[in-house]
Amino acid sequence: MTAIIDKVKPSDDRPEGASRLRRLLGQREAQLLLVLVVFTLLVRAGGAKGFLGPTHFPIFLSQVAPDMLVVIPMAMLLIGGMFDLSVTGVANLSVVLVGWTFSRLLGTMDDTLLIILVVAIGLMAGLIVGAINGLAVTRLRMNPLMTTLATWWMAQGAATGVAGGESRHNFVGSFRDIARFQPLRDLGETFPFLQEMRISTLPMPVFYAAIVIFLGWLILTRTRFGWHIFATGSDRQGAALNGVNVNRVTLIGFIATGMAAAMCGIVWASRLTSAPPNTLGGLELRVIAAAVIGGAALTGGEGSVLGAVLGLFFMHMIRSATIQLGLPVYWEFFVLGAVLFTAVAFDAWTKRRADTQ
């Protein structure tokens, strides 16, 4: 018996290390990270030598950050077995409400109080739409696809109606700090490497995104509620039988996604210092596609915060590479669609392979 065990047991650490490497490469996050590295090298070899370099990367992060606010709660919602198409309408409604409130109350109160009120009204819009979505799906048993499609149109229609065809520009000057303030700017004078790497130029949305990423990771991996999200998405009925309040999990997921979309709208209003009703377009498609590319399953129960972050990075990298390489932008959506199609096809293939083994 001992001889058999000795024969089977590895003689050194190499087989075990190889097994660990295979397990690592079998994870979606590791695969996607490898794809991002290879893609970056190919773009640089194609002529965009500064792609994601010290000068470009801070700009890239600034572009990704507003979407990052939404992709994390959307990924968590997908893990819980749901999705939300209304986020673009919610974000645009938040933008318009910001502009409308400023136009009505500018000069009637202290600027700081007015900014707090404006942000609260914008977030309230996201909370209300998210609560409507969550209650409709959980209490009225409405289909999430048609429910969030309807609230998307309602929110977008409300944004257009409130705007009345106007794009308001009379904002408080300090409101721009929500999106444009650079908290590390003064540190750049003390630590020159922060200026050399352009880290000192990172605006506030990057830090908002970092907080959302950390909170999403903390909730999914270190809390009981995170386990409830995975359980709800894996088997809603089974989770309910085991004491999980699946309706509460779903409701919180929709509210969080709605408020994140509203915050994205507030950031864009601050960045543009204007409030057009069509500020954002295709936000829901970008964040859902990014989460799916990152490993989130539309059927629920699978996904991660890191995967969603890398998926969104990849989508924005494709857009940025198209511009830097001087390629026709008309093909951008084709390439993004092809990437999403490949990701979904790969998931289907791996699941079929797992079922046959």
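The shape of the stretch 16-130 can be summarised by an equivalent ellipsoid whose semi-axes, obtained from the alpha carbon gyration tensor, come to 41, 22, 12 Å from longest to shortest. In terms of packing, defined here as the mean over residues of other Cβ atoms within 10 angstrom, the peptides 150-159, 220-229 line up highest first as 150-159, 220-229. Send over a whole-number figure in Å² for the accessible area per residue of the chain, probe 1.4 Å. I get 52 Å² per residue for this part. Helix 14-25 and the longest principal axis of the C-alpha atoms of the chain enclose an angle of approximately 30°. Taking F207, F333, F230 in turn, the Gaussian network model of the chain (Cα-Cα springs below 10 Å) assigns the largest fluctuation to F333. If you line up the long axis of helix 28-45 against the longest principal axis of the chain, both from Cα atoms, how many degrees apart are they, to the nearest 10? Rounded to the nearest ten degrees, it is 70. Note on the chain: with a GNM built from Cα contacts shorter than 10 Å, the maximum mean-square fluctuation among P192, P276, P66 falls on P192. Dipole orientation for the chain: of the candidates G281, T299, V172, T299 has the Cα lying most toward the positive pole (charges on Cβ; Lys, Arg +1; Asp, Glu -1). Using a ≥ b ≥ c from the Cα gyration tensor of the stretch 219-357 (square roots of the eigenvalues), is it rounded, prolate or oblate, where a/c under 1.5 gives rounded and otherwise the larger of a/b and b/c decides, a/b for prolate? Oblate, since a/c reaches 1.5 and b/c is not below a/b.
For the peptides 249-255, 336-342, residues were scored by their other Cβ atoms within 10 Å and the scores averaged per peptide; the highest-first order is 249-255, 336-342.
Sorting 290-296, 53-59, 137-143 by their mean Cβ neighbour count within 10 Å, with the most densely packed peptide first, gives 290-296, 53-59, 137-143.
Shape call for the chain from the C-alpha gyration tensor, a ≥ b ≥ c root eigenvalues: rounded (a/c under 1.5), prolate (a/b greater than b/c) or oblate? Oblate, because a/c is 1.5 or more while a/b does not exceed b/c. The angle between the Cα long axis of helix 204-222 and the longest principal axis of the Cα atoms of the chain comes to about 40 degrees, rounded to the nearest 10.
Between the amide H of R168 and those of A275, distances stay under 5 Å, these residues lying 5 or more places away or on another chain, with hydrogens modeled in the peptide plane. Under the rule a/c < 1.5 gives rounded, and otherwise a/b versus b/c splits prolate from oblate, where does the stretch 163-225 land using the Cα gyration tensor? Oblate shape, in that a/c is at least 1.5 and b/c is the bigger or equal ratio. Please work out the C-alpha center-to-center distance from the stretch 279-329 to the stretch 164-233 and express it in whole Å. If you average the Cα positions of each part, the centres end up 18 Å apart.
Dipole magnitude for the chain: about 600 debye, using +1 per Lys or Arg Cβ and -1 per Asp or Glu Cβ, origin at the Cα centre.
The values are calculated or read from the model by the stated rules, or taken from the named source; none is laboratory data. Since we're looking at a predicted model, the values are computed, not measured. When we count neighbours, we look across all protein chains shown, and the Cβ atoms used for this are built from the backbone with ideal geometry, even at glycine. Just the protein is used for accessible areas: all its heavy atoms, side chains included, with ligands, DNA and RNA removed. Shrake-Rupley method; radii C 1.70, N 1.55, O 1.52, S 1.80 Å.
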